Amino acid sequence: MDSWCGRLITSVFILPFTAGNYRRRQNGFWYYDCSISFRVLFLGFLAIIIVFSATNTIYDGANVRLGVVLLLLSVLMLGGVSVCLILVCLAQLRGLQCIVATRRYTHTTKLQVCFLWIFGLASILYSTLLIGKLIECSGNTTAGLYWNSIICFNCLLVVCFISEIIFITYFSESKLKHSTLANYSMLLLLAANTCVQLYVSIIGDAFTTFIEINKENATNWCLERNSTMTVLIEKSRSILAPTFMEFFLLSSTMILDIWSPSNESSHENETRHSEMNGIQDSERTSLLPHTSAIEPDYSGNGSRRMLCQMITIVVSLLTGFGMVIFYVAMAMNVGNIQTLHFLAEFYELILKVLMTIATFLGFFCLVNYCTPDRSPKRFKSRENVYLLSVFGLMMLHICKVIQGDVTSYLDSKILLYTNIISIFQDYLQVVFLLHANRCKKSDPRSRIVLLESVLLFIMINNFVLWINDTFLLSQYPITRVMAQERFSTGLLRLGYTVLLPVSVFYRFTSFLQYYATFRDYTS
């Protein structure tokens with residue numbers, strides 16, 4: 001995709017969702033390994049599951065929220081089953097040597113496999129009993145999203161149990177190579193296990209939850225009726241239900257043993273291979289100085305560069321502090337609070353849209369004017385802490401999305417749209433920052449004014465949002481939108497005593513990290 005249109009498509013539809021280390025296949029094809037985008041997507045996925053499941057006591061829209069959770073889990077499990085089949089098929093077609101690095105022999109492996117089969121078969125039996133009860137009561141319901149999702153989820157759960165047991169048994173005495181396919185196969189399986197564990201822990205009994213949120217007397221009567229399936233489920237619940245957690249914990253442990261992500265030898269070999277490829281590529285390049293045909297050299301035009309930065313600073317301050325003015329008015333109790341909430345949310349919606357557009361422009365600059373580092377880079381400790389703060393911020397946004405969905409205030413729909421866009425904007429912002437730190441300018445002498453302006457715009461607006469969250473939203477409860485009548489005291493305390501400080505940390509860290517990246521690209 002060397003054309004302008006191809007670079008545009010790459011920067012909008014490909015790079016934001018495949019960002020990561022730049023690797024080379026054996027056929028010479030270069031690709032992004034999704035190591036950045038996968039992590040951020042998984043955190044967003046996990047935040048949706050936790051918040052949607054934890055708000056099952058808010059009955060308005062609970063049928064849709066829990067149905068969405070089950071559908072997301074079903075997609076994740078289906079992906080895990082698919083990658084298991086792909087790895088097994090590759091092993092059958094090309095031999096184990098193409099996937100397996102070494103064989104391992106431990107005294108506990110066979111015993112672990114035996115218990116894995118016991119826990120797995122017990123879990124399959126319990127899921128089968130649940131499916132039987134659901135089918136028995138299917139004629140008494142209008143088949144809402146949650147009901148259909150429960151059936152789909154439990155059916156896929158049985159398939160996932162069987163596939164995972166066979167997969168782990170097949171590779172139980174092996175250590176897999178650290179190929180991209182194996183790495184993401186194991187990550188997908190662990191992600192599915194983690195999400196299902198959390199869901200089972202949070203939601204509890206699916207039938208009881210359905211009865212609480214459902215108003216169909218016929219369906220509730222069928223679920224509570226002492227039929228044969230009900231008796232079997234009740235009698236076996238105390239024995240079979242705990243095996244869910246046992247199976248997932250044991251299977252996750254064995255997956256980590258098979259995968260061995262702490263093994264660095266393959267990573268180092270791949271790094272050396274990438275470095276050798278980089279040396280070979282450099283030997284093929286011309287010895288003449290390289291100049292960019294797309295971006296001219298602005299080193300002799302410092303006034304234009306300074307003018308662009310000044311305009312960006314002014315625009316950033318105007319867009320950011322306009323929202324702060326409305327929050328200050330709310331904190332001082334000036335005017336109608338509900339109207340001020342509406343204006344503040346509307347202004348924030350515009351700000352988040354502008355930040356989203358700016359981030360896409362940043363991706364476009366990375367595709368056009370920068371070169372990704374070809375040596376794989378592991379995540380640093382501070383980057384992992386940064387990702388955890390993103391996770392907390394996404395949970396706070398999702399809570400506000402639910403608030404906007406279940407209330408009928410003037411600003412409820414604006415609140416809903418603002419926080420949906422905020423989740424997407426935060427995802428793009430994090431992926432863009434981490435990927436920009438793994439790139440460098442194609443021509444070190446060039447001045448990429450557009451990229452500098454994008455970094456400056458996002459940096460200043462993060463600083464403004466940090467000021468707003470720290471000194472207004474945290475200190476003045478009147479500026480908050482999550483209402484007591486819809487959210488329990490525990491959820492409100494979680495949102496404003498745990499998630500809001502995490503959001504404050506995220507904003508300040510984003511400001512610092514974007515400043516560091518801005519300095520790197522302007523030096």
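The values are calculated or read from the model by the stated rules, or taken from the named source; none is laboratory data. As the structure is a prediction and not an experimental result, all values here were calculated from the model. Backbone-built Cβ (ideal geometry, glycine too); neighbour counts: all protein chains shown. In case anyone asks, the SASA skips ligands and DNA or RNA and just uses the protein heavy atoms, side chains included. Shrake-Rupley method; radii C 1.70, N 1.55, O 1.52, S 1.80 Å.
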Does the range 424-432 include one or more residues that are out of contact with any His (no Cβ under 7 Å at 6 or more places or on another chain) and open to solvent by 40 Å² or more (accessible area, probe 1.4 Å)?
yes
Selection from the range 456-476 of residues that are part of a helix (DSSP H, G or I), of a type outside the set (A, V, I, L, M) and either touching a residue at least 12 places away in the same chain (Cβ under 8 Å) or open to solvent by less than 20 Å² (accessible area, probe 1.4 Å) (or both)
457, 461, 462, 463, 466, 468, 469, 470
Return a yes/no flag: does the range 169-185 have any residue that is modelled with pLDDT under 85, under 22 Å from residue 245 (Cα atoms) and in contact with a helix residue (DSSP H, G or I) (Cβ under 8 Å, 6 or more places away or on another chain).
yes
Would you please list the contacts, defined by Cβ atoms under 7 Å and residues six or more apart or on different chains, that run from a residue in the range 380-402 that is touching a residue at least 12 places away in the same chain (Cβ under 8 Å) and under 20 Å from residue 345 (Cα atoms) to a residue that is of a type in the set (Val, Ile, Thr) and part of a loop (DSSP other than H, G, I, E, B)?
400/481; 402/55; 402/58
Residues 375, 446: which one is more than 24 Å from residue 510 (Cβ to Cβ), part of a loop (DSSP other than H, G, I, E, B) and touching a Pro at 6+ places or on another chain (Cβ under 8 Å)?
446
Residue in the range 226-234 that is open to solvent by 60 Å² or more (accessible area, probe 1.4 Å) and outside any helix (DSSP H, G or I) present
yes
Exclusive hit being within 25 Å of residue 330 (Cα to Cα), of a type in the set (S, T, N, Q), at pLDDT 85 or above and surrounded by 20 or more Cβ atoms within 10 Å (Cβ to Cβ), set 510, 453, 503:
503
Give me a count of the residues in the range 322-345 that are at pLDDT below 90 and surrounded by fewer than 16 Cβ atoms within 10 Å (Cβ to Cβ).
7
Qualifying positions in the range 12-37 - buried (at least 20 other Cβ atoms within 10 Å of the Cβ) and assigned to a helix (DSSP H, G or I):
15, 16, 35, 36, 37
Unique match (being open to solvent by less than 20 Å² (accessible area, probe 1.4 Å), in contact with a Leu (Cβ under 9 Å, 6 or more places away or on another chain), among the aliphatic types (A, V, I, L, M) and more than 30 Å from residue 170 (Cβ to Cβ)) among 50, 58
58
